Amino acid sequence: TPRAILVDGNGILHPRRAGIACFLGVRTGIPTIGVGKTLCCVEEDWSSVEAEDRICMGLNEAAGLVASVLPADAGVQRTDEDGALLVGKQKDMLIVDNKTLRFDCRSSPNSDECTPCPTESVAKLVPFCSGYTVNLQSSSGNVLGAVLVGHGGKSGHRRGIASAKPIYISVGHETSLQTAIRLCAELSDFRIPEPVRVADLFGRKLIREDVSSKRIACRTAEKGST
């Protein structure tokens with residue numbers, strides 16, 4: 001029996017607060033984690049474009065702070081003036097942004113502000129940590145999930161490469177969001193955690209084989225009819 005299941009879908013980061021990861025966890029009794037490749041817009045005010053812009057802004061702020069105050073082999077913790085950033089003690093630690101990402105009129109970004117390039121921000125973070133994460137909050141104040149970006153995985157950091165495209169993590173069943181984030185980061189050789197990535201590749205292979213076998217069967221039937 002697995003100790004946890006990573007699901008290619010969402011947990012409580014869902015319009016009904018119960019995605020496929022929640023369903024699978026309840027049915028199996030095994031802790032589950034939802035891993036979304038795109039943002040599930042669970043409320044009317046949520047926008048994937050706005051979310052990506054805000055993630056880029058936070059990522060750029062984190063990269064600038066870390067690069068300016070910490071050497072690559074830093075062994076200290078530091079926060080900015082309002083306690084927004086928590087820097088890990090080791091290179092393989094994550095940067096946790098305590099400025100929760102929410103979507104309402106009070107937290108709307110400045111439309112005149114230029115969105116920084118996420119690739120450049122991620123490149124600045126690679127020498128110091130293994131990623132940047134920020135929570136996603138609903139209008140009611142509940143934390144529904146978290147964004148993880150810049151982690152790049154173990155293979156990515158060996159090559160000095162990290163992904164600038166985020167993944168969206170949420171609790172499915174019997175686990176905490178902090179545990180889910182850490183597990184996804186640790187299991188990512190690339191952008192997508194390996195269990196989800198391998199399952200996706202295997203599923204696509206089965207689909208190709210099924211389509212190919214059906215084509216062969218159709219051709220055989222056509223030849224037989226002639």
Handout entry: Condition met for Gly203 (among the small types (Gly, Ala, Ser), touching a Ser or Thr at 6+ places or on another chain (Cβ under 6 Å), within 28 Å of Gly29 (Cβ to Cβ) and at pLDDT 90 or above)
Key = no
Handout entry: Test: Leu6 is open to solvent by less than 50 Å² (accessible area, probe 1.4 Å) and in a strand (DSSP E or B)
Key = yes
Handout entry: Close pairs from the range 153-182: first at pLDDT below 95, partner open to solvent by 10 Å² or more (accessible area, probe 1.4 Å) and of a type in the set (Gly, Ala, Ser), Cβ under 6 Å, at least 6 apart
Key = Gly156/Ala162
Fill in the blank from the handout: Residue set Cys40, Cys56; condition more than 13 Å from the chain's Cα centre (by Cα), closer than 20 Å to Ile192 by Cα and either in contact (Cβ under 8 Å) with a residue 60 or more places away in the chain or open to solvent by 60 Å² or more (accessible area, probe 1.4 Å) (or both); output residue Cys56
Handout entry: Qualifying positions in the range 112-127 - among the hydrophobic types (A, V, I, L, M, F, W, C) and open to solvent by 40 Å² or more (accessible area, probe 1.4 Å)
Key = Cys114, Cys117, Ala123
Practice task
List every residue pair whose Cβ atoms sit under 7 Å apart, with the two residues 6 or more apart in sequence or on different chains, where the first one lies in the range 184-207 and is open to solvent by less than 80 Å² (accessible area, probe 1.4 Å) and the second, anywhere, is in a loop (DSSP other than H, G, I, E, B) and hydrophobic (A, V, I, L, M, F, W, C).
Solution key: Ala185/Leu94; Pro193/Leu187; Glu194/Leu187; Pro195/Leu187; Arg197/Phe190
Exercise for the section: Looking only at the range 12-37, count how many residues are more than 11 Å from Glu174 (Cα to Cα) and outside any helix (DSSP H, G or I). Expected result: 12
Practice task
Given the conditions (1) at pLDDT below 85; (2) surrounded by 13 or more Cβ atoms within 10 Å (Cβ to Cβ); (3) over 19 Å from the mean Cα position of the chain (by Cα); (4) not basic (Lys, Arg), report the number of the one that Glu81 does not fulfil.
Solution key: (2)
Exercise for the section: Answer with yes or no whether Gly145 is modelled with pLDDT of 90 or more, touching a Phe, Trp or Tyr at 6+ places or on another chain (Cβ under 8 Å) and over 24 Å from Ala123 (Cα atoms). Expected result: yes
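Here is a yes/no grid of residues against (1) touching a Gly at 6+ places or on another chain (Cβ under 9 Å); (2) surrounded by fewer than 15 Cβ atoms within 10 Å (Cβ to Cβ):
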site	(1), (2)
Ile12	yes, no
Pro15	no, yes
Ala21	yes, no
Arg27	no, yes
Ile33	yes, no
Glu52	no, no
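The values are calculated or read from the model by the stated rules, or taken from the named source; none is laboratory data. Note that the coordinates shown come from a computational prediction; the quantities given were computed from them, not determined experimentally. Backbone-built Cβ (ideal geometry, glycine too); neighbour counts: all protein chains shown. Ligands, DNA and RNA are stripped out before the accessible areas are found, and what is left, the full protein with its side chains, is counted by its heavy atoms. Shrake-Rupley method; radii C 1.70, N 1.55, O 1.52, S 1.80 Å.
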